[in-house]
Amino acid sequence: MATALEELPTLFHKYGVAKNVLGKLILWNGDITRIKVDAIVNAANSRLAGGGGVDGAIHRAAGHATLQEECRKYSGCKVGKAVITSGCGINHIKNIIHTVGPQVYGKLSEKHRDDLISCYRSSLELAVENKLSSIAFCCISTGVYGYPHNAAAEAVTDFLTNWLENDQNKDQISHVVLVTFMPVDQQCYEKYFDEFAAKFKTA
Ligand code: ADP
């Protein structure tokens, strides 16, 4: 059974502040192939060839051959960019957005951060372009690509709250679901959203 968006409380329900931003954000722990939204975002590899982790789960749910066929129309995808395919029948979602996160081996750099943010920005832009209003992200790059969990959650919370406050297209997005799979990611997001919400409580 897939979880419907309406069943999930937004962060506004938790914090009661910053309605426009936190009213659009949902933190959900689970399998991204089990959520019913307009689009889910896959952490793909640059060949769009299907792999392990979340990519493998999405390919299995979609039917590997079907999704591979759709991905073939692109000649891969660069780090920080995103491409779109149909939803391949997963929970009646409309589309799958495939983005390629940075690989972090060794010291985390500004370039890694910029590339990670670019994945989220490119995916949101594709959602807007395709009139998709609800979008679920996995925690891009925090699996085998090695991006530190805490730094990823900090960068993504900062980017998303700003985007939802300021971007000219913000009204086209009704909900952004941050799907965590490992408890560590859930804890990191909770910490940074606590900090974000606290600014409004004391304002
Ligand atoms: P990357 O190569 O970008 O690191 P991974 O698939 O290894 O991609 O991990 C990306 C994130 O997806 C990790 O946080 C991992 O815990 C999470 N993940 C793995 N399987 C699923 C799933 N079925 N649903 C949601 N998130 C998942």
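The values are calculated or read from the model by the stated rules, or taken from the named source; none is laboratory data. Nothing here was measured: the structure is a model prediction, and the numbers come from that model. Here the Cβ positions follow ideal geometry from the backbone for every residue, glycine too, while neighbour counts run over all protein chains shown. What goes into the accessible areas is simple: the full protein's heavy atoms, side chains included, and nothing from ligands, DNA or RNA. Shrake-Rupley method; radii C 1.70, N 1.55, O 1.52, S 1.80 Å.
One residue stands out among those in the stretch 50-60 that are under 18 Å from the mean Cα position of the chain (by Cα) and surrounded by fewer than 21 Cβ atoms within 10 Å (Cβ to Cβ): the one that is farthest from the ligand (Cβ to nearest atom), which is 50. When residue 156 is tested against (1) surrounded by 15 or more Cβ atoms within 10 Å (Cβ to Cβ); (2) over 25 Å from residue 34 (Cα atoms), just one condition goes unmet, and that condition is (2).
Suppose the filter is open to solvent by less than 20 Å² (accessible area, probe 1.4 Å) and either within 21 Å of residue 143 (Cβ to Cβ) or at pLDDT 95 or above (or both); does residue 84 pass it? Answer is no for this residue.
Scanning the stretch 17-32 for residues that are buried (at least 21 other Cβ atoms within 10 Å of the Cβ) and either of a type in the set (S, T, N, Q) or near the ligand (Cβ under 9 Å from one of its atoms) (or both) turns up just one, 32.
Yes or no, residue by residue, for (1) modelled with pLDDT under 95; (2) assigned to a helix (DSSP H, G or I); (3) within 16 Å of the ligand (Cβ to nearest atom):
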| position | (1), (2), (3) |
| --- | --- |
| 126 | no, yes, no |
| 135 | no, no, yes |
| 147 | no, no, yes |
| 151 | no, yes, yes |
| 164 | no, yes, no |
| 177 | no, no, yes |
| 185 | no, yes, yes |
| 193 | no, yes, no |
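Considering each residue of the stretch 71-78 in turn, at least one proves to be open to solvent by 30 Å² or more (accessible area, probe 1.4 Å), touching a strand residue (DSSP E or B) at 6+ places or on another chain (Cβ under 7 Å) and within 16 Å of the ligand (Cβ to nearest atom). Restricting attention to the stretch 37-47 and to residues that are under 14 Å from residue 97 (Cα atoms), open to solvent by 10 Å² or more (accessible area, probe 1.4 Å) and not in a strand (DSSP E or B), the residue that is nearest to the ligand (Cβ to nearest atom) turns out to be 45. Part of a loop (DSSP other than H, G, I, E, B), touching a residue at least 24 places away in the same chain (Cβ under 8 Å) and within 15 Å of the ligand (Cβ to nearest atom): is that true of residue 90 in this structure? So residue 90 passes the test.
Residue under question is residue 111, and the condition is that it be outside any loop (DSSP other than H, G, I, E, B), of a type in the set (Lys, Arg), away from the ligand (no atom under 14 Å from the Cβ) and farther than 15 Å from residue 159 by Cβ; does it hold? Criteria met by residue 111. What is the number of the single condition among (1) closer than 23 Å to residue 175 by Cα; (2) over 16 Å from the mean Cα position of the chain (by Cα); (3) crowded, with 18+ Cβ neighbours inside 10 Å that residue 112 does not meet? Going through (1) closer than 23 Å to residue 175 by Cα; (2) over 16 Å from the mean Cα position of the chain (by Cα); (3) crowded, with 18+ Cβ neighbours inside 10 Å one by one, residue 112 breaks only (1).
When 143, 106 are checked against the criterion of being modelled with pLDDT under 95 and either closer than 24 Å to residue 17 by Cβ or surrounded by fewer than 23 Cβ atoms within 10 Å (Cβ to Cβ) (or both), 106 stands alone in meeting it.
In the stretch 177-186, which residues are closer than 14 Å to residue 26 by Cα and either β-branched (Val, Ile, Thr) or surrounded by fewer than 14 Cβ atoms within 10 Å (Cβ to Cβ) (or both)? Matches in the stretch 177-186: 177, 179, 180. Among the residues making up the stretch 159-172, those that are in contact (Cβ under 8 Å) with a residue 24 or more places away in the chain and either loosely packed, with under 15 Cβ neighbours inside 10 Å or under 13 Å from the mean Cα position of the chain (by Cα) (or both) are 159, 160, 165, 169, 172.
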